[in-house]
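Heads up: the structure comes next, in C-alpha cells.
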Amino acid sequence: MSTDKKSFKDLEKKVLDAGLCVACGTCVAACPVNVTELEAGKPRLVGNCIECGLCYRNCPRTDFDEAGMDQTLFGRSRDSKELLTGVYKSVFAAKTKSSAVQGKAQDGGVVTSLLIQFIEDGGDGVIVAGLEPDKVWVPRPVVARSSQEVIASAGTKYTVSPTLLGVKEAVKDQGLKKVAVVGTPCQIRGLSRLTQGQHRNKKFTDAVALKVGLFCMETFSYDDWVQYLKDEGVDPGRVTKFEIKSGRFYALAGEETLHRAKLGKVKKLIRPCCHVCEDFTSEYADVSVGNVGSPDGWSTVIVRTERGGKAFNAAVASGMVEAQPIEGFDLGETLVHRLAKMKKEQEGSDE
C-alpha cells in the first residue's frame, strides 16, 4: 500500500469527482478532528483539515487491498471455491422463529434475530438503517439499544443510509463498548478498514463486536426512486414494504401490491457508484445474509469468522432462529454464485 501523504483533497479527486462515493460515512467516522460531514450524501470539509489522510486511507473506494484484508480478517487467502463469495466457514438456510420478527422483518428475518440475540447476550447496541420520522422512506442510521428498537427498524431500504455515521454516534458520542453493525458490502468494507485495516482506529476496533453484512446488487438514488414511484401512480407514503423477488421489484401496502415491475425497468434508478462494485455477498463481514439461494421465507447465511459463528449459533441455540446447512454450496452453482459472478464481471468491464 502506498505511504504517500494524503488529505481530503485526494479523497475529493479520487472518489468524489470520479462519482465513486457510496455515502457510507466512513470518512466522517475516521476524521480525528471532526471536520468532515456528509451533506446531501457527499462528504465536505467544515473546518481545517490536518491532512492526516485517514479519510482517504479508510474509504472503501481507495486502494482497497482484497488479498491483504483476507489475510487480516481470516488469516488466510481465499481458496478456489471462495473466489466469488469470499472466505467462509459454513453456509445455512435459516429463518426466524420469533413471531414478533416475522411480522416486520424482510425475508427470513435472520438479521433482526441475530441483532436481538446480540443485545440479549450483553451487547450495548446495534447500528441499523431506520427511517427519518418526518420524511417518506428516507433512511437514517439508528443506534438501537433494545429489541423493540431493532424490530422497529427491520426491513430493507433500497436507498442508502450512511451507516458509519451511526457507528460514530454509538462509539464516539454515546461511548458504547460493544456494538453490532449491519451494512451493505461497501459499508462493511469501510468498517473493516476502520476497525481492522492498516490505519484502523482503536476505539472502533475495540467496540465493534459483530459485522453483519447484507447481500447487495445495487441501491437506488433516492430522488429518482421517489419520482419513479410517483410517475407510476404510487404514493410513496402508502408503501409499507419494498422487496425484490424473482427478478421483480415490488412496492407493497400490507398485503396489497401497489406496484410490480421487472428489474430491468428500475435499473435506471441505480446509483452510478454501484456499477463499479464487485462485492455481492459482503465478503468482509463476520456473517453475511441474503434472500437468494434459499427457499422463499428463508435467508442464506454465510458464516465467515469465529465471532460470526458464535453469534449465529447463539441465535439457533436460544430458539430464535432455525437453520439447516445448504448442501452443495461448495460446488459454486447456486444463485448466490451466479449473482456474485455478475457483480465481479460488471466491475471488471467498467475499469
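Take the residues in the stretch 241-279 that are assigned to a loop (DSSP other than H, G, I, E, B) and either of a type in the set (A, V, I, L, M) or in contact with a strand residue (DSSP E or B) (Cβ under 8 Å, 6 or more places away or on another chain) (or both); name whichever of them is surrounded by the most Cβ atoms within 10 Å (Cβ to Cβ). Step through it out loud before you land on a result.
As a first pass, look at the stretch 241-279 and keep what is assigned to a loop (DSSP other than H, G, I, E, B): 246-247, 254-255, 271, 277-279.
Filter again for either of a type in the set (A, V, I, L, M) or in contact with a strand residue (DSSP E or B) (Cβ under 8 Å, 6 or more places away or on another chain) (or both), leaving 247, 271.
Numbers: Gly247: 8, Arg271: 21.
Looking at the filtered set, the residue picked out is Arg271.
Among the residues of the stretch 170-198, which ones are part of a strand (DSSP E or B) and in contact (Cβ under 8 Å) with a residue 60 or more places away in the chain?
Step one: list which residues in the stretch 170-198 are part of a strand (DSSP E or B), which gives 179-183.
The answer is Ala180, Val182, Gly183.
Here is a list: Thr195, Thr219. Which entry is at pLDDT 95 or above and among the β-branched types (Val, Ile, Thr)? Walk me through how you get there before you give the answer.
Working: Thr219 fails: at pLDDT 95 or above.
Just a single option satisfies the conditions, and that option is Thr195.
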Which of the residues that make up the stretch 42-68 are part of a helix (DSSP H, G or I) and surrounded by 20 or more Cβ atoms within 10 Å (Cβ to Cβ)? Leu54, Cys55, Tyr56, Arg57, Asn58
Among the listed residues Ala129, Ala100, identify the single one that is of a type in the set (A, V, I, L, M), under 30 Å from Gly237 (Cα atoms) and buried (at least 20 other Cβ atoms within 10 Å of the Cβ). Ala129
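Pick out the one residue from Gly297, Gly197 that is in the same structural domain as Glu333 (by TED's automatic domain parsing) and either buried (at least 21 other Cβ atoms within 10 Å of the Cβ) or closer than 18 Å to Ala129 by Cα (or both).
Details: Gly297 fails: either buried (at least 21 other Cβ atoms within 10 Å of the Cβ) or closer than 18 Å to Ala129 by Cα (or both).
Of Gly297, Gly197, the one residue that is in the same structural domain as Glu333 (by TED's automatic domain parsing) and either buried (at least 21 other Cβ atoms within 10 Å of the Cβ) or closer than 18 Å to Ala129 by Cα (or both) is Gly197.
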Of the residues that make up the stretch 277-300, is at least one out of contact with any Gly (no Cβ under 6 Å at 6 or more places or on another chain), farther than 23 Å from Thr112 by Cβ and of a type outside the set (S, T, N, Q)? yes
Scan the stretch 219-227 and give yes if some residue there is out of contact with any strand residue (DSSP E or B) (no Cβ under 8 Å at 6 or more places or on another chain) and under 29 Å from Phe312 (Cα atoms), otherwise no. no
Given (1) touching a Leu at 6+ places or on another chain (Cβ under 8 Å); (2) of a type in the set (A, V, I, L, M, F, W, C); (3) at pLDDT 95 or above, where does Val292 come up short, assuming only one miss? (3)
Given the condition surrounded by 20 or more Cβ atoms within 10 Å (Cβ to Cβ), within 18 Å of Ala209 (Cβ to Cβ) and among the acidic types (Asp, Glu), answer yes or no: does some residue in the stretch 284-292 qualify? yes
Could you please tell me which pairs satisfy a Cβ distance under 9 Å, a separation of 6+ or placement on different chains, a first residue in the stretch 295-311 that is farther than 13 Å from Lys95 by Cα, and a second residue that is of a type in the set (Phe, Trp, Tyr) and assigned to a loop (DSSP other than H, G, I, E, B)? Ile302/Tyr88; Ile302/Phe215; Val303/Tyr88; Arg304/Tyr88; Arg304/Tyr284
Among the residues of the stretch 312-324, is there at least one that is surrounded by fewer than 19 Cβ atoms within 10 Å (Cβ to Cβ), in contact with a helix residue (DSSP H, G or I) (Cβ under 8 Å, 6 or more places away or on another chain) and not charged (D, E, K, R)? yes
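Select, from Val208, Val212, the only residue that is buried (at least 17 other Cβ atoms within 10 Å of the Cβ), closer than 26 Å to Val143 by Cα, of a type in the set (Val, Ile, Thr) and touching a residue at least 60 places away in the same chain (Cβ under 8 Å). Don't jump to the end; show me each part of the working.
On the way: Val208 fails: touching a residue at least 60 places away in the same chain (Cβ under 8 Å).
That would be Val212, the only listed residue that is buried (at least 17 other Cβ atoms within 10 Å of the Cβ), closer than 26 Å to Val143 by Cα, of a type in the set (Val, Ile, Thr) and touching a residue at least 60 places away in the same chain (Cβ under 8 Å).
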Which residue out of Leu229, Leu269 is touching a residue at least 12 places away in the same chain (Cβ under 8 Å), over 30 Å from Asp17 (Cβ atoms) and among the aliphatic types (A, V, I, L, M)? Leu229
Can you find a residue in the stretch 154-162 that is in contact (Cβ under 8 Å) with a residue 24 or more places away in the chain and over 14 Å from the mean Cα position of the chain (by Cα)? no
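The values are calculated or read from the model by the stated rules, or taken from the named source; none is laboratory data. Computed from a predicted structure; not experimentally measured. Counting neighbours? That spans all protein chains shown, and the Cβs are built from the backbone with ideal geometry, glycine included.
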